[in-house]
Amino acid sequence: MEVSHSVKERTIAENSLVILLQGLCGRVTTVELRDESAAAGRVTSVDAFMNVRLAEVTFTDRQGAVSHLDELFVTGRNIRYVHIPDEVDIQATIEEQLQAIHRVRYFGGRDKGRREFLPAKH
Amino acid sequence: TEPRGSRRRSPSPGRLDVSSSRFDPLLALYSPRTPLPFPAAPCFNNLAEYESFQRGLRRPPGRRAAPARRGAPAGRASRRGPPAADPERIQRLRSLMVNAGPEQEGAEGGTARRRRRAPRNVLTRMPLHEGSPLGELHRCVRDGVRINVHIRTFKGLRGVCTGFLVAFDKFWNMALTDVDETYRKPVMGKAFYAEPQLSLTRLFDRLKLQESSGKKGADSKTVSEELALTNDSQTLSLRAGSGRGRAEEERERQKHLGRAGEKKTPGDKCEADVGSRTAHTEGDGAGGARARSQSRRRRRPKVDYQQVFTRHINQIFIRGENVLLVHLAH
């Protein structure tokens, strides 16, 4: 459950469905690219812009040529589909990731430490 | 103001005092006993945060009709923008808010202060689009309506994904369940420029034809007749002019080849191929010539780039950039 270290990335992820993909870290899935090629492997990380890092990848070219790669980085814009494994519960995964962000944001208790968003004092 | 105790310890008190003329910033950074002029001041990361903090102080008095505790009169006067629209707008916005109730409590401000006004994340944003097309999408999530998502390729339609929507966001990224995808691989090379626009009717007609041709054991005559019929009956016509020009050219050549006979000739192979790829054109009277070209294509064992594929995927995530349109199935 690695949450991004950047506040900007965290808020982008929190308000979009990228957070679902971030919850797929560590699972084996297939990512289909917009040029009709496909990469099947274990998701290492996904950032807020949907850039995906995969490990132990079987990469199928758009011509159909298959190759094996140790690591693959796919730019977010080049992704068309991401297959979600059957055992993944979409709603639950999103909620878990949101909780992780919530924990990081409110780390150190309410009144301690430097806060990300300051509450309006009445 | 002289800080307490620093007179005894620090070498020269003025060097750690921010307001003094002998302030030494480097020493202040490294000294363990730098006195803060305002220890209780809130820290902000940037100017925008400071501004929103200030606004947050001013807004509650205005909304709750409580006497203003802070804020210069000048500031209050400047914020009185459109007074008539505000209460109405606030009402409308409030009706959309997820946690509308607890916020309006004035008495809350004391001890049990809420940590956040209301959590704003992808899940809470889904119901907020009421009245807009994204609101329709949310209705599909809520009511479990089966939707057809048209997927785009670089130009035109790639295919359709039909499934149940689980989640979406403002980019039209979607998470679908129980998905049946019907699609066609994009055509490359010279035919890319001659290809007529794929529409949904053409896609499914092609699929139906493929399935029927598979079942009947490739009875080329019947299938080619069917293809001619369906092409004539298509009503959608969205082709670009250039595509039509090339396609008509190919069709002209096709007619000549067709009339010459049904035999495969190696010289005409590639032409017929390209011609057959553009066979999904419509509004043409030469159905018969095309039928003969279709039968020639079907008998050929080559890879057919116009083949329509279907597959079933249990759960899929679609990046919103690739979505052409979303069609709700009733």
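The values are calculated or read from the model by the stated rules, or taken from the named source; none is laboratory data. All figures in this text were calculated on a predicted structure; none of them were measured in a lab. As a convention, Cβ positions derive from the backbone with ideal geometry for all residues, glycine included, and neighbour counts pool all protein chains shown.
With respect to the stated conditions, residue A:30 is without any contact (Cβ under 8 Å) to a residue 60 or more places away in the chain and within 14 Å of residue A:83 (Cα to Cα).
Quick check, is residue A:104 facing chain B (nearest Cβ under 10 Å) and in contact (Cβ under 8 Å) with a residue 60 or more places away in the chain?
Values: facing chain B (nearest Cβ under 10 Å): no; in contact (Cβ under 8 Å) with a residue 60 or more places away in the chain: yes.
No; evaluated as a whole, the condition is false for this residue.
If only residues of the range A:84-99 that are surrounded by fewer than 20 Cβ atoms within 10 Å (Cβ to Cβ), touching a residue at least 40 places away in the same chain (Cβ under 8 Å) and not β-branched (Val, Ile, Thr) are counted, the one that is farthest from residue A:16 (Cα to Cα) is A:85.
Of all residues assigned to the range A:40-59, at least one qualifies as being farther than 23 Å from residue B:172 by Cα and of a type in the set (Asp, Glu).
Scanning the range B:125-148 for any residue that is within 30 Å of residue A:119 (Cβ to Cβ), buried (at least 18 other Cβ atoms within 10 Å of the Cβ), in contact (Cβ under 8 Å) with a residue 40 or more places away in the chain and not polar (S, T, N, Q) turns up at least one such residue. When the residues of the range B:137-163 are filtered to those that are among the small types (Gly, Ala, Ser) and away from chain A (no Cβ under 13 Å), which remaining residue is nearest to residue A:20 (Cα to Cα)? Filtering the range B:137-163 for residues that are among the small types (Gly, Ala, Ser) and away from chain A (no Cβ under 13 Å), the one nearest to residue A:20 (Cα to Cα) comes out as B:144. The residues of the range B:171-194 that are at pLDDT 95 or above and part of a loop (DSSP other than H, G, I, E, B), listed by number, are B:171, B:172, B:173.
Listed by first and then second residue, the pairs with beta-carbon distance under 8 Å, at least 6 apart or on different chains, first residue in the range B:164-179 and more than 9 Å from every other protein chain (Cβ to nearest Cβ), second assigned to a loop (DSSP other than H, G, I, E, B) and surrounded by fewer than 21 Cβ atoms within 10 Å (Cβ to Cβ), are B:164/B:144; B:164/B:145; B:165/B:145.
Here residue A:20 meets each of (1) touching a Pro at 6+ places or on another chain (Cβ under 9 Å); (2) in a helix (DSSP H, G or I) with one exception, condition (1). Only residues that are crowded, with 18+ Cβ neighbours inside 10 Å and out of contact with any strand residue (DSSP E or B) (no Cβ under 8 Å at 6 or more places or on another chain) were counted across the range B:157-178, and they come to 1. Residue A:96 meets all of the listed conditions (1) assigned to a helix (DSSP H, G or I); (2) within 8 Å of another protein chain (Cβ to nearest Cβ) but one, namely (2). Scanning the range A:79-93 for residues that are assigned to a loop (DSSP other than H, G, I, E, B) and more than 8 Å from chain B (Cβ to nearest Cβ) yields A:87, A:89. Inside the range A:38-78, can you point out the residues that are in a loop (DSSP other than H, G, I, E, B) and surrounded by fewer than 18 Cβ atoms within 10 Å (Cβ to Cβ)? Hits for the range A:38-78 are A:47, A:49, A:51, A:61, A:62, A:63, A:64, A:65, A:75. Residues in the range B:37-47 that are more than 14 Å from every other protein chain (Cβ to nearest Cβ), free of Cβ contacts under 8 Å to residues at least 12 places away in the same chain and surrounded by 10 or more Cβ atoms within 10 Å (Cβ to Cβ): there are none. Within the range A:6-60, the only residue that satisfies the criterion of being of a type in the set (Phe, Trp, Tyr) and more than 14 Å from chain B (Cβ to nearest Cβ) is A:59.
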